[in-house]
1. Can you tell me which residues in the range 69-99 are open to solvent by less than 50 Å² (accessible area, probe 1.4 Å) and either of a type in the set (A, V, I, L, M, F, W, C) or not assigned by the TED database to the domain that holds residue 49 (or both)?
2. Residue check, residue 130 against (1) under 26 Å from residue 30 (Cβ atoms); (2) touching a strand residue (DSSP E or B) at 6+ places or on another chain (Cβ under 9 Å), all met but one. Which one?
3. For residue 138, are the conditions met, namely being within 13 Å of the ligand (Cβ to nearest atom), more than 16 Å from residue 87 (Cβ to Cβ) and either modelled with pLDDT of 95 or more or part of a loop (DSSP other than H, G, I, E, B) (or both)?
4. Please list, ordered by first then second residue, the pairs with beta carbon atoms under 7 Å, 6 or more apart or interchain, first in the range 64-92 and over 16 Å from residue 52 (Cα atoms), second among the polar types (S, T, N, Q) and modelled with pLDDT under 95.
5. Given the criteria part of a strand (DSSP E or B), open to solvent by less than 20 Å² (accessible area, probe 1.4 Å) and within 16 Å of the ligand (Cβ to nearest atom), does residue 52 qualify?
6. When the range 206-253 is examined, which residues are found to be open to solvent by 80 Å² or more (accessible area, probe 1.4 Å) and more than 13 Å from the chain's Cα centre (by Cα)?
7. Under the condition of being hydrophobic (A, V, I, L, M, F, W, C) and more than 15 Å from the ligand (Cβ to nearest atom), which residue from the range 109-135 is farthest from residue 249 (Cα to Cα)?
8. Can you tell me how many residues within the range 69-118 are among the small types (Gly, Ala, Ser) and under 19 Å from the mean Cα position of the chain (by Cα)?
Amino acid sequence: MAENGLQSQLRGFGVDVGGSGIKGALVDLNTGQLIGERIRIATPQPATPDAVADVVAEITHRFGWEGPVGVTLPSVIQQQTAQTAANIDKSWIGTDVKDLFTRHLPGQAVTVINDADAAGIAELYYGAAKGAQGLVVLLTFGTGIGSAVLYNGILVPNTEFGHFELGDVDSEVHASAAVREREDLTWPEWTARVNDMICGMEKFFWPDLIIAGGGISRKHAKWMPNLDIRTPIVPAALRNHAGIVGAAYAAANGICP
Ligand code: BGC
């Protein structure tokens, strides 16, 4: 029994809400590994708060999970209110996300966190930022560009480096992974755009380390060595599970921006 009790304390549950899929899994909080398979359900369209929260509740119920739930969103989350909605339905802006998810998952503690911040937490405790001192910036390249800033092991939440402007467009419009596919850019063409973005950031930020995450980090050999930037850069360790893992960690440890 004691062993079972201990085991359940070390488990967490995270759900990562993305533009095309909502993914949830049990997480071993000792190792940062998923326990068993994750479940993915296509993001409802339109991805309104109630429609998304329904899917989050369905995934949670499918696992029979009754403990704390961590949920990521591609939005600034301030005091559990969504403040932005760059790549998700605009009706999220101003939504009290704690209230929303508590209505859909009554009796369960729900913690909502920005998706890149969740990935930053996952890298901090289980991945490429573990033990790193100084200023670490995680950039996630996907539909948009997310960012997480860690300083000596502490998350500075809600940075939005994907929205600083390069010329007259947001840097995520210039250099996200989705843009590479949409515009059919070659690796050198896309790498040059990422280079522009990071050099832009380096003008006013002096990180000790940059971690590149998102699906594209798997293909790091194709682009990362060709960057001409000041800061050392490494690929993320957790790849596309980072959001789930970081959300589960945040929920279990009361990290609640
Ligand atoms: C959003 C961020 C999010 C990132 C990655 C951006 O468009 O503004 O909050 O972290 O996309 O999903």
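The values are calculated or read from the model by the stated rules, or taken from the named source; none is laboratory data. The structure displayed is predicted, hence computed values, not measured ones. Neighbour counts are summed over all protein chains in view; Cβ atoms, including those assigned to glycine, are modelled from backbone coordinates with ideal geometry. Each accessible area value is taken on the protein alone, full model and side chains, heavy atoms only, with ligands, DNA and RNA left out. Shrake-Rupley method; radii C 1.70, N 1.55, O 1.52, S 1.80 Å.
1. Scanning the range 69-99 gives 69, 71, 73, 76, 77, 82, 85, 86, 88, 92, 97.
2. The number of the failed condition is (2).
3. Yes.
4. Listed by first residue and then by second, the contacts come to nothing, as the list is empty.
5. Taking the combined requirement at face value, the residue does not satisfy it.
6. If the condition is that a residue be open to solvent by 80 Å² or more (accessible area, probe 1.4 Å) and more than 13 Å from the chain's Cα centre (by Cα), then 206, 208, 218, 219, 222, 225, 226, 228, 230, 253 are the ones that fit.
7. 135
8. Narrowing the range 69-118 to residues among the small types (Gly, Ala, Ser): 70, 75, 82, 85-86, 91, 94, 107, 109, 116, 118.
Going one step further and asking which of them are under 19 Å from the mean Cα position of the chain (by Cα), we end up with 70, 75, 82, 85-86, 116, 118.
Adding up the residues that qualify gives 7.
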